[in-house]
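The values are calculated or read from the model by the stated rules, or taken from the named source; none is laboratory data. All figures in this text were calculated on a predicted structure; none of them were measured in a lab. A quick note on method: Cβ atoms are made from the backbone with ideal geometry, for glycine too, and the neighbour counts reach across all protein chains shown. Keep in mind that these areas ignore ligands, DNA and RNA; they rest on the heavy atoms of the full protein, side chains included. Shrake-Rupley method; radii C 1.70, N 1.55, O 1.52, S 1.80 Å.
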Amino acid sequence: METSSCINYTGRFAPSPSGPLHDGSLVAAMASFLDARAHQGKWLLRMEDIDTPRTVAGADRFIMQQLLALQMQWDGNVIWQSSRLQRYNSVFQALQEQGLIYGCACTRKEIAENAKAGKRLGLHGERPYAGTCRHGISGNRPARAWRLLMPEGIVRFTDRWQGEQSQDVANEVGDIIVKRADGLFAYQLVVVIDDHDQGVTDIVRGNDLLSSTARQHCIARMLGYAVPLMMHVPLVMDETGRKLSKQNHATAIDLQNPLLSLGKAWQALGFSPLQAASVEQFWQAAIPRWHARFGQ
Ligand code: GLU
């Protein structure tokens, strides 16, 4: 591995503590860890517990134990989104003062019907919001959620794994919810604030979030933040072709056989098997291999 230091690299792993890490989330964790280590950068750990109804008590500590058992030691302190509500609120208020946020009274059913009536179908399967409440809520209905005005134009970026990407966010997605009907700040907003505040330069995560990237870039630009480099790695599928996920009852990583678990994740990233007699040796072998493929 090259010894030139890429001190400006800051990566992160940002699990939602809704359950233990499984073979699918390990792939995303491994890729972000390897990319940070191969660039001699920092690897931060952030607990995305903003979605409190999905958060499972103790899952955060369990995830940390799993990472440590696999010798994936993060740098610095772990951040919990639940401790940053004031910060999110101040960004929300600043956007509101700029007239960029509006209240929306639409129900899910109305949004679906408007999207159908306008024959607008999102490229990535989204149900685009037709902008119904953009110029005010009709009738005497209260705002349920709060939306951020998305700028017109095509958002383009180069994903380090998936290549050239483009999306017309304003038309394919519409104005996005930044504060939900249940009063919680939306993932799309807070992830952008967190990555900025933590100085993240490089995001490596699962491909299920590729379709969220253009809107996150819009938010970052609206807030005057630099846009990180992106890499979206393949997802692990179950036998029925669905994404391996907690919702689909994926089981926790097998820590009785850490080398087997690491080896599976490594091969899911498209590499040929590594010879390693210990977890330490695994990383010693994997980091230069990753660097040879993805280092600059
Ligand atoms: N918390 C998200 C998840 O677990 C990941 C968000 C991100 O990496 O941007 O799916």
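Using the scaling law 2.2 N^0.38 Å as the reference, what is the normalised Cα Rg of segment 32-97? Display every interim value, and only then the final one.
Working: Rg = 15.0 Å, N = 66, 2.2 N^0.38 = 10.8 Å.
That ratio works out to 1.38.
Compute the length gained on full extension between M237 and A292: take 0.36 nm times their separation in residues and subtract their Cα-Cα distance, giving the result in nm to one decimal. Kindly include the intermediate steps, with their values, before the conclusion.
Values: separation 55, 0.36 × 55 = 19.80 nm, distance 2.67 nm.
Stretched fully, the M237-A292 segment lengthens by 17.1 nm.
Which log10 I(q)/I(0) values does segment 148-296 give at q = 0.10, 0.19 Å⁻¹ under the Debye formula, counting every alpha carbon as one identical point scatterer?
Debye curve over Cα of segment 148-296, log10 I(q)/I(0) at q = 0.10, 0.19 Å⁻¹: -0.48, -1.24.
Between T158 and Q86, what length comes free when the chain is fully extended (0.36 nm per residue of separation minus the Cα-Cα distance, one decimal in nm)?
Values: separation 72, 0.36 × 72 = 25.92 nm, distance 3.30 nm.
In short, 22.6 nm is gained.
Tell me the label-point distance for the pair D197, D168, using the 7 Å Cα-to-Cβ offset, in nm and rounded to one decimal.
3.6
Percent of Cα-Cα pairs more than 33 Å apart in the chain, please.
Values: 11576 of 43660 pairs.
More than 33 Å apart: 27 percent of the Cα pairs in the chain.
Nearest 0.05, what FRET efficiency do A181 and E113 give at R0 = 25 Å with Cβ-Cβ as r? Don't jump to the answer; show the numbers that get you there.
Details: r = 17 Å, r/R0 = 0.70.
E between A181 and E113, to the nearest 0.05, is 0.90.
Quick one: putting +1 on the C-beta of Lys and Arg, -1 on the C-beta of Asp and Glu, what dipole do you get for segment 87-244 around its Cα centre, in Debye to the nearest 20? Before the final figure, lay out the partial values.
Working: 20 positive and 18 negative charges, 121 e Å.
It comes to approximately 580 debye.
For the full complex of protein chains and a 1.4 angstrom probe, list S82, S211, S261, S138 by accessible area with the highest value first.
Numbers: S82 60, S211 30, S261 5, S138 90 Å².
Correct descending sequence by accessible area is S138, S82, S211, S261.
According to a simple spin-label model (label point 7 Å from Cα along Cα-to-Cβ), what is the distance in nm between Q275 and M222?
It is 5.5 nm.
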